[in-house]
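A.B. asks: Shown below is the structure under consideration.
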Amino acid sequence: MRIKGYLATVILACLAGGYLIELLLSHQFRLAHEASEQHMQTVLWNKDIESLAIDVSQYLITVDLVLGSGQTYLVRGGVSKGGFIVKTLDNLGRQEASISLRAELSEMASIITSMSLDLERAAVLSDDNREEQLSYLLATSDRVSEVIVERLSGLRNRSKAEVNGSLQRQIAERSNVTLIQYLSWAGFSFMVLLLWYWANRQISNPLRQLSQMARDAEAGEVFVGVSSGPKEVVELSNNTRRLTNSLAYQASHDALTDLNNRREFSRVLARYSDTASESVTHVLCFVDLDHFKVVNDTCGHAAGDELLAQVARLIQVCVRTTDVVARLGGDEFAILLTSCDVSDGRIICNDIRKAIADVRYQWEEEVYRISASIGLTLIDASKSSIEDIFNAADTACKVAKDSGRNRVHTFDVGDATLADKRHEMLWINQINHALDMKRIVLHRQSIIGLHHNSSADKHYEILLRLKASDGQLIYPNKFLPLVERYHLGPRLDREVVSATFDWLATHPQELEALGTCAINLSGQSIACPDSLNFIISKLKQAGLPAEKICFEITETAAITDLENAHQFIAGLKALGCQFALDDFGSGLSSFAYLKTLDVDIIKIDGMFVKDMMTDAVNLATVKSINDVARALGKQTIAEFVESEEIANELEAIGVDFAQGYYFNKPSLLVDLAP
C-alpha cells in the first residue's frame, strides 16, 4: 500500500468521525431544544392555571355573596365571570399540553356553567320562599365549590409538578449536550490518536528504522533495510540498500584491482591482530613492485594500471582462500596470511615473487619484465599495535628493495640491517618534524678574497642546521643524504631560501654591506619547476637586489639533469642572480660539461684543497681547475682552507676566494626554532 493510500484512509476516517459527531450533536441539540420549548409551554400553561385559580376564587366569592347574603345585584357580574372562566377552561382544554386534562377541564366548565344557572335562578326568586331557596342553592353551591376547589388544587399541583419535571428534563438535556460534546471530542481525539498510531506504525516506524539503519551503515554495519511498510518506503529501502552496499564496497575496495584498500585492510588486520596468541599467529606481507615506474613512465598510466590489475590477480591466485589481499596505493600491495607462521609465510611470498618475476608484460611492440621486493613480519601476542605491525612489514620490504630487489626479507628484531633501516626512518620522521615545526637554524661562513684588489663587501655562504626537539643541532652530514634519498630537497631548499631572504629584507645595513650571499640548492630543486617559480616569487616579494644572490649547485646534480639545470640557471640569471658550481672536480667528466654550464663561479672541491700541500696530484688538480676557470672567464673559490700555508699557496696559484676554518668558523645568522 502506498503512502497516499494511508493518508487517504486517515483523512476519510477523520471526515467520517467528524460527520458522525455532527449527527450526534445535532440530534442532542434538537432534543435539548424540544425540552426547552416544552418547559416554556408548561410554564405558560401553569401561569394560565394560576390565573384560572384566581378567577375561580373570585367567582366563588361572588357566588357566596349572591346566594348567602342575597346580593343579587352581583348576579350579572358573577355570570359574566363564570362565562369567562368557562371560556378559559375551553381554551386550556384545546391547548397542547404534556398533561391530558381535557376531561377534568370540561367537567369543571360544566360545574361552573351549572353554578352560573343557579345564580340566574336566584335573581328571579319570589319573595315568599326566597330565603329558603337561596339557602338550598347556597348549600348546593358550597358542595360544588368544594369539588371545584379540590379539583383546581389538584390541577395546580399537577401543573407545578409538570413544570418541575420539564425543567429537570431541560437541565438533563442540556447536560447531555455538554456531556456528548466532551465525549465526542474525546472520542474524536482518541480516534485521531489511534489513526496517528496506526499511521506511525505503517509509515513513521519504517522510516525511522530506515534512518537508523543508514546511521548504522555509516558506522560500518551492514545495511539490511526494511521489508514491511508503505511501498514507497520499501522501494526507498531497497534502493538505499543497493546504493549503501555499493558505496560501502567502493569505500573498502580499490577501484582498479578490486582488492581491499588500505582502510579496509587496516580494519581486517586489527581484527586478526586481536586473535593472535601463542598458539595462533598470522603473517603480514608488504609487496613493492620493482621497475614498475619504467612501465608507467614509458607506456603511460593506462599500461601501468593494466599491469597492476594483472599483478593483483596473480597474487590472489598464489594465496589461500582464507588470506586477505589489499592494494595500499601505487605499486604497493599487502597480504595478511591468516593462521600462518613465518616459514610457511616465506614459502607463499617466494611463490608470489617467482610468479611476478615470470611475468612478461607486453604493451604494443615492447615486452617488459618486473619483479617484487617483499617484506614480512609475524603477528603474534607480542605485537602491541597496528602501527608497529605495519612499520615492521614496511621496513622489511624496504630492506628487501635496498638489498638488491626481487627478494623476500623477514623482519627480525635482532637484524642489523633492519635496525639501520628503522634508524633511518626515525631520522626521516625527525627531519619532517623539524621542518613542520620550522626548527631551521642558519649559519654563515665568510668567503675571503685572496688578492689585494678584492672587494671590501661581505661575501658568505649560508649553511644549514636543523634543531632537534631536545635543542641539539643536527648537521648536514647527518640529514642531507636522507633528504636526497627521500626527495625532501625542494621542501628544505624553500625553507632556507625563504628564511635567508626574509632576514636580508629585515636587515638593510647587512644587505647594503653584502657583496654576495651564496645559498646551496639540491639537485631535486633544479629538476622541480615549482622551486624555480618559488624562488623568483620570493625574490620579488622580498625586494632584494638579485645580483647579490648566488646559488650553488653541485657538479653532480648539474650533469645528472643537464637540460633542467640549463633552464633553471637561465631563469634566475635572467633576473641577475649568480651561480656557482659546487664540489667541482668530484665528477668523472667535470671539464667536459664545464663549457655548457653558464655559471659564474667554480668552487673547487675541498677534498683536493685540504691535502694539496702533501699530495702533488691534488695540488695539480687545483691548479688545472683554476686554469680552466680562468680560460672560461669564471672566478674560483677554494673550500676547506684550514691553514695559512694552504691559503698562501692558493693565492700564489691565482684562486680568487677561499673559505674555511683558517679564516673563521660559521656564525649564527638566524634561528627559527620556537
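A.B. asks: What's the total number of residues in the stretch 273-291 that are of a type outside the set (A, V, I, L, M, F, W, C) and surrounded by fewer than 18 Cβ atoms within 10 Å (Cβ to Cβ)?
C.D. replies: Looking only at that region, the number is 6.
A.B. asks: Select, from 644, 639, the only residue that is of a type in the set (D, E, K, R), closer than 18 Å to residue 555 by Cα and modelled with pLDDT of 90 or more.
C.D. replies: 639
A.B. asks: Determine, yes or no, whether residue 623 is outside any helix (DSSP H, G or I) and of a type in the set (Lys, Arg).
C.D. replies: Against the criterion (outside any helix (DSSP H, G or I) and of a type in the set (Lys, Arg)), residue 623 does not qualify.
A.B. asks: OK, next. Is it true that residue 251 is surrounded by fewer than 18 Cβ atoms within 10 Å (Cβ to Cβ), touching a helix residue (DSSP H, G or I) at 6+ places or on another chain (Cβ under 8 Å), at pLDDT below 85 and aliphatic (A, V, I, L, M)? First the steps, then the outcome.
C.D. replies: Working: surrounded by fewer than 18 Cβ atoms within 10 Å (Cβ to Cβ): yes; touching a helix residue (DSSP H, G or I) at 6+ places or on another chain (Cβ under 8 Å): yes; at pLDDT below 85: yes; aliphatic (A, V, I, L, M): yes.
In short, yes.
A.B. asks: Please state which one of 405, 369, 327, 360 is surrounded by 19 or more Cβ atoms within 10 Å (Cβ to Cβ), under 27 Å from residue 297 (Cβ atoms) and either among the charged types (D, E, K, R) or out of contact with any Ser or Thr (no Cβ under 8 Å at 6 or more places or on another chain) (or both).
C.D. replies: It is 327.
A.B. asks: Name the single residue that is nearest to residue 327 (Cα to Cα) among those in the stretch 295-310 being crowded, with 17+ Cβ neighbours inside 10 Å and in contact (Cβ under 8 Å) with a residue 60 or more places away in the chain.
C.D. replies: Looking at the filtered set, the residue picked out is 307.
A.B. asks: Right, residue 63: modelled with pLDDT under 75 and hydrophobic (A, V, I, L, M, F, W, C) or not?
C.D. replies: Considered against the rule, which asks whether it is modelled with pLDDT under 75 and hydrophobic (A, V, I, L, M, F, W, C), residue 63 comes out as yes.
A.B. asks: May I ask you to verify whether residue 614 is hydroxyl-bearing (Ser, Thr, Tyr), at pLDDT 90 or above, surrounded by fewer than 21 Cβ atoms within 10 Å (Cβ to Cβ) and part of a loop (DSSP other than H, G, I, E, B)?
C.D. replies: Yes.
A.B. asks: Restricting to the stretch 34-50, name every residue that is modelled with pLDDT of 80 or more and either not assigned by TED's automatic domain parsing to the domain that holds residue 89 or not charged (D, E, K, R) (or both). Explain how you work it out, then say what you get.
C.D. replies: Here is the first cut: in the stretch 34-50, the ones modelled with pLDDT of 80 or more are 36, 40, 47.
Within the stretch 34-50, 36, 40 qualify.
A.B. asks: Can you pull out every residue in the stretch 247-273 that is more than 26 Å from residue 304 (Cα to Cα) and of a type outside the set (A, V, I, L, M)?
C.D. replies: 267, 271, 272, 273
A.B. asks: Output the residue which, of all residues in the stretch 431-461 that are modelled with pLDDT under 90, touching a helix residue (DSSP H, G or I) at 6+ places or on another chain (Cβ under 8 Å) and not in a loop (DSSP other than H, G, I, E, B), is surrounded by the most Cβ atoms within 10 Å (Cβ to Cβ).
C.D. replies: Filtering the stretch 431-461 for residues that are modelled with pLDDT under 90, touching a helix residue (DSSP H, G or I) at 6+ places or on another chain (Cβ under 8 Å) and not in a loop (DSSP other than H, G, I, E, B), the one surrounded by the most Cβ atoms within 10 Å (Cβ to Cβ) comes out as 431.
A.B. asks: Quick one: residue 543 ticks every box in (1) at positive phi; (2) at pLDDT below 85 bar one, so which box is it?
C.D. replies: Every condition holds for residue 543 apart from (2).
A.B. asks: Show me the strands (runs of 3 or more DSSP E) entirely contained within the stretch 231-348 in which 1 or more residues are of a type in the set (Phe, Trp, Tyr) and not assigned by TED's automatic domain parsing to the domain that holds residue 391. Full working, then the answer.
C.D. replies: On the way: elements: 282-290, 324-329, 332-337.
Output list is empty.
A.B. asks: In addition: Among the candidates 273, 279, 266, which residue alone is modelled with pLDDT under 85 and of a type outside the set (A, V, I, L, M)? Steps first, please.
C.D. replies: On the way: 273 fails: modelled with pLDDT under 85; 266 fails: modelled with pLDDT under 85.
None of the others qualify; the one that does is 279.
A.B. asks: Do we find a residue being modelled with pLDDT of 75 or more and either part of a helix (DSSP H, G or I) or not hydrophobic (A, V, I, L, M, F, W, C) (or both) anywhere in the stretch 96-105? Please lay out each step first, then the result.
C.D. replies: Filtering the stretch 96-105 down to residues modelled with pLDDT of 75 or more leaves none.
Scanning the stretch 96-105, I find no residue that is modelled with pLDDT of 75 or more and either part of a helix (DSSP H, G or I) or not hydrophobic (A, V, I, L, M, F, W, C) (or both), so the answer is no.
The values are calculated or read from the model by the stated rules, or taken from the named source; none is laboratory data. All values derive from a computational prediction rather than experimental measurement. Cβ: placed from backbone, ideal geometry, glycine included. Neighbour counts: every protein chain shown.
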